[in-house]
1. Net charge around Ile17, counting only other residues with Cβ within less than 13 Å of its Cβ (Lys, Arg = +1; Asp, Glu = -1)?
2. Determine ³J(HN,Hα), in whole Hz, for all residues of the range 39-48 in sequence, where each value follows from phi through the Karplus function 6.51 cos²θ - 1.76 cosθ + 1.60 and θ = phi - 60°; x replaces Gly and Pro.
3. Can you tell me the FRET efficiency between Arg18 and Ala50 if r is taken as the Cβ-Cβ distance and R0 is 22 Å, rounded to the nearest 0.05?
4. ³J(HN,Hα) across the range 16-31 via Karplus (A = 6.51, B = -1.76, C = 1.60, θ = phi - 60°), whole Hz, x for Gly/Pro?
5. Which value at 222 nm does the chain reach when only helices count, each DSSP H run of 4 or more adding -39,500 (n - 2.57), with the total divided by all residues and rounded to the nearest 500 deg cm²/dmol?
6. So how much slack lies between Val42 and Asp26, counting 0.36 nm per residue of separation and subtracting their Cα-Cα distance, in nm?
7. Under 1.5 on a/c is rounded, so check that first for the chain, then, if it is not, pick prolate when a/b is larger than b/c and oblate when it is not; a ≥ b ≥ c are the square roots of the alpha carbon gyration tensor eigenvalues.
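The numbers here are math on the coordinates, done by the rules we state, and not lab data. Keep in mind it's a predicted model, so treat the numbers as computed, not measured. So basically every Cβ, Gly included, is an ideal-geometry build from the backbone, and we count neighbours across all protein chains shown.
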Amino acid sequence: MHTVPLWTLTKGQRAAIRGFTDALPDSYRQRLTEMGFHAGEVVTCLLRPAFGAPRVYRVSNTVYSLDEDVAAHVMMQPLEAGA
């Protein structure tokens, strides 16, 4: 199974959450889970600003902004366009 960090998704790209890296602190892992970042949930990258600014993602019907320090630890499986 090909996985990539959430941070690497391009604008408009969709991917399914596969889990978190072991390096992500438990407090962040718990908070992300509370926000709806569960294995199998589909995430869409809505905005990818320049210069490393936080990126905007939709999970379920909610929109979140995550910076690289967190998004780099959420592992995703990219989905085919239209899937």
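1. Numbers: positive: Arg14, Arg18, Arg29, Arg58; negative: Glu41.
Every neighbour counted, the sum reads +3.
2. My calculation for the range 39-48 gives 3, x, 5, 8, 10, 10, 7, 8, 8, 10 Hz in order.
3. Working: r = 27 Å, r/R0 = 1.25.
According to the calculation, E is roughly 0.20.
4. Once rounded to whole Hz, the list reads 9, 5, 10, x, 10, 6, 5, 6, 6, x, 4, 5, 5, 4, 5, 5.
5. Values: 2 runs with 13 residues, N = 83.
Calculated mean residue ellipticity at 222 nm is -3500 deg cm²/dmol.
6. Working: separation 16, 0.36 × 16 = 5.76 nm, distance 2.17 nm.
Roughly 3.6 nm would be gained on extension.
7. Working: a/c = 1.39, a/b = 1.13, b/c = 1.23.
Note, shape of the chain comes out rounded.
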